[in-house]
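Enquirer: First the structure, then my questions, so here it is.
Throughout, read-outs are computed from the coordinates displayed, never taken from laboratory work. Small disclaimer: the values here were computed from a predicted structure and weren't measured. Here the Cβ positions follow ideal geometry from the backbone for every residue, glycine too, while neighbour counts run over all protein chains shown.
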Amino acid sequence: MICHFCKGELETSTTEYIEKQGNVVVIIENIPCEKCKQCGETYFSTAVAEKINDILDSAKNISSMLTVTVVDYSKAAA
């Protein structure tokens, strides 16, 4: 596959995803992705994107009293 932005080659990699939800920051680590070797743009499969949404929904329920939540994708997706 090639990058939609710079036309660079994609390689299998991992990345992190950070989202602010109100006063809470959720960080998901070790997410499988395809990453552009040239510009670093990341691409998620549909299944991974859906799991990220599931993890974010779960984090809303458990992190109402926390300011930062860090989730390891490989453990949460299992």
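Enquirer: Suppose we filter K37, K51 for residues that are out of contact with any strand residue (DSSP E or B) (no Cβ under 7 Å at 6 or more places or on another chain) and among the charged types (D, E, K, R); which single one remains?
Expert: K51
Enquirer: Is one or more of the residues making up region 1-9 in contact with a helix residue (DSSP H, G or I) (Cβ under 9 Å, 6 or more places away or on another chain) and among the aromatic types (F, W, Y)?
Expert: The answer is no; no qualifying residue exists.
Enquirer: Report the residue count in region 1-39 for those that are outside any strand (DSSP E or B) and among the charged types (D, E, K, R).
Expert: 2
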